[in-house]
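One structure is given here, and the rest of the page talks about it.
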Amino acid sequence: MRIPFVAGNWKMHGSKAMIQDHLGQFTQQAEALNNVNIAVCPPSLYVSAVQSQLTSSSVKVGVQNVCDQAGFGAYTGEVSVDMLVDMGVPYAIVGHSERRAFYCETDRQVADKVAIVLDKNLTPILCIGETLEERESDQTEHVVKTQLIAVIEKVGIAAFANIVIAYEPIWAIGTGKTASPEQAQAVHAFIRNLLAQHDTAVAQQVVIQYGGSVKPDNAAALFAQPDIDGGLIGGASLDPMDFLAICKAASQSCLK
Ligand SMILES: O=C(CO)COP(=O)(O)O
């Protein structure tokens, strides 16, 4: 049985004041929700500040990126998975489309990062998804398949039991133009079927989030789809009440 998982990707947003205000409002009410796992992913600099607001809360913290080298060393500006372990951070978003586009992360690097995160028994949130151009030229399945195969070849199918996948169509990110529940479901089913070709049990187990302009008013319809197990939320996760409403929609969607 899959429990829906909602994660807030704050991207390059946040401040000490925002963290106090946001999480102060959010966490108490989030505790009342059943059947949903929740995480917030602030910029790495604010992980400690978020953790101090989350003591005795079931809401977890994650980071938005991690170095493709484990351990410690001369990698200016990077955060290592060993630091995540040290700081008690269980989740790392890997391969977000903004990292792939603006920082030239390749499928291979993304696969390496997934492997490094898994190696420390942390959970990668692996982002995949197509551009508008790719969708319009019927390349969606080819693109997500290529992105997934790179990771399957690196870590093996069994490892997917410990990976969260986030399907984020790039054309729906930050545009207010969400994929319809049917469009999103079609790709989620494709992803699950692809995994099932390798291992049916793992495919049934893997949590596949949808990301791209999820808002309180479209969350329930998306999360009601049979292969959509919660969401990776950008803009709407910055507003505590919107984020709460989205988490509530996930908690009310039936377990799959
Ligand atoms: O990129 C996203 C989450 O990682 C989605 O962002 P928006 O919810 O702002 O569209």
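The values are calculated or read from the model by the stated rules, or taken from the named source; none is laboratory data. Note that the structure is a prediction, hence the values are computed from the model and not measured. As a convention, Cβ positions derive from the backbone with ideal geometry for all residues, glycine included, and neighbour counts pool all protein chains shown.
Condition first: under 23 Å from Ile163 (Cα atoms) and either more than 18 Å from the chain's Cα centre (by Cα) or free of Cβ contacts under 8 Å to residues at least 40 places away in the same chain (or both). Now tell me which residues in segment 232-251 satisfy that.
Selection gives Ala249 alone.
Confirm whether Val66 is more than 19 Å from Gly235 (Cα to Cα) and either touching a residue at least 12 places away in the same chain (Cβ under 8 Å) or of a type in the set (A, V, I, L, M, F, W, C) (or both).
Here the answer is yes, as Val66 does meet what is asked.
Being at negative phi, within 16 Å of the ligand (Cβ to nearest atom) and out of contact with any Phe, Trp or Tyr (no Cβ under 9 Å at 6 or more places or on another chain) is the filter here, so list the residues in segment 1-17 that pass it.
Result: Phe5, Asn9, Met12, His13.
I'm trying to understand the selection: among the residues of segment 214-229, which are of a type outside the set (Phe, Trp, Tyr) and either at pLDDT below 95 or buried (at least 24 other Cβ atoms within 10 Å of the Cβ) (or both)?
Val214, Ala219, Leu222, Ile228, Asp229
For segment 102-158, give me each residue that is over 23 Å from Gly234 (Cα atoms) and acidic (Asp, Glu).
Hits for segment 102-158 are Asp112, Asp119, Glu136, Asp138, Glu141, Glu153.
One line per residue, one yes/no per condition, for (1) out of contact with any strand residue (DSSP E or B) (no Cβ under 9 Å at 6 or more places or on another chain); (2) more than 26 Å from Gly235 (Cβ to Cβ):
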residue	(1), (2)
Ile38	no, no
Leu45	yes, no
Lys60	no, no
Asp82	yes, yes
Asp86	yes, yes
Arg100	no, no
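Among the residues that make up segment 177-184, is at least one of them at pLDDT 95 or above, aliphatic (A, V, I, L, M) and within 14 Å of the ligand (Cβ to nearest atom)?
Yes, because at least one residue in segment 177-184 is at pLDDT 95 or above, aliphatic (A, V, I, L, M) and within 14 Å of the ligand (Cβ to nearest atom).
Restricting segment 222-256 to residues that are in contact with a His (Cβ under 7 Å, 6 or more places away or on another chain) and in a helix (DSSP H, G or I), which is nearest to the ligand (Cβ to nearest atom)?
In this case the residue turns out to be Leu238.
Name the pairs: first residue in segment 208-220 and of a type in the set (S, T, N, Q), second residue within 11 Å of the ligand (Cβ to nearest atom) and in a helix (DSSP H, G or I), Cβ to Cβ under 8 Å, at least 6 apart or on different chains?
What qualifies is Ser213/Ala172; Ser213/Gly235.
May I ask you to list pairs of residues, at least six apart or on different chains, whose Cβ atoms are under 6 Å apart, with the first in segment 7-33 being closer than 19 Å to Ala219 by Cα and the second being within 16 Å of the ligand (Cβ to nearest atom) and aliphatic (A, V, I, L, M)?
Every condition considered, the pairs that remain are Ala7/Ala39; Ala7/Leu232; Gly8/Val40; Gly8/Ile233; Asn9/Leu232; Phe26/Leu244; Gln29/Leu244; Ala30/Ile38.
To keep it simple, each residue is scored yes or no on (1) outside any helix (DSSP H, G or I); (2) of a type in the set (Lys, Arg); (3) within 16 Å of the ligand (Cβ to nearest atom); (4) surrounded by fewer than 17 Cβ atoms within 10 Å (Cβ to Cβ).
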residue: Glu133; (1), (2), (3), (4): no, no, no, yes
residue: His142; (1), (2), (3), (4): no, no, no, yes
residue: Thr146; (1), (2), (3), (4): no, no, no, yes
residue: Val151; (1), (2), (3), (4): no, no, no, no
residue: Ile165; (1), (2), (3), (4): yes, no, yes, no
residue: Leu195; (1), (2), (3), (4): no, no, no, no
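Answer yes or no: is there a residue in segment 238-248 that is of a type outside the set (D, E, K, R) and in contact with a Gly (Cβ under 7 Å, 6 or more places away or on another chain).
Yes, segment 238-248 contains at least one residue that is of a type outside the set (D, E, K, R) and in contact with a Gly (Cβ under 7 Å, 6 or more places away or on another chain).
Which condition number does Val117 fail, the rest of (1) under 21 Å from Ala196 (Cα atoms); (2) crowded, with 23+ Cβ neighbours inside 10 Å being met?
All conditions pass for Val117, except number (1).
Does Ala74 count as of a type outside the set (Phe, Trp, Tyr), more than 15 Å from the ligand (Cβ to nearest atom) and touching an Asp or Glu at 6+ places or on another chain (Cβ under 8 Å)?
Against the criterion (of a type outside the set (Phe, Trp, Tyr), more than 15 Å from the ligand (Cβ to nearest atom) and touching an Asp or Glu at 6+ places or on another chain (Cβ under 8 Å)), Ala74 does not qualify.
Only one residue in Ala219, Ala172, Ala203 is of a type in the set (A, V, I, L, M, F, W, C), closer than 26 Å to Asn34 by Cα and within 15 Å of the ligand (Cβ to nearest atom), so which one is that?
Matching residue, one of Ala219, Ala172, Ala203: Ala219.
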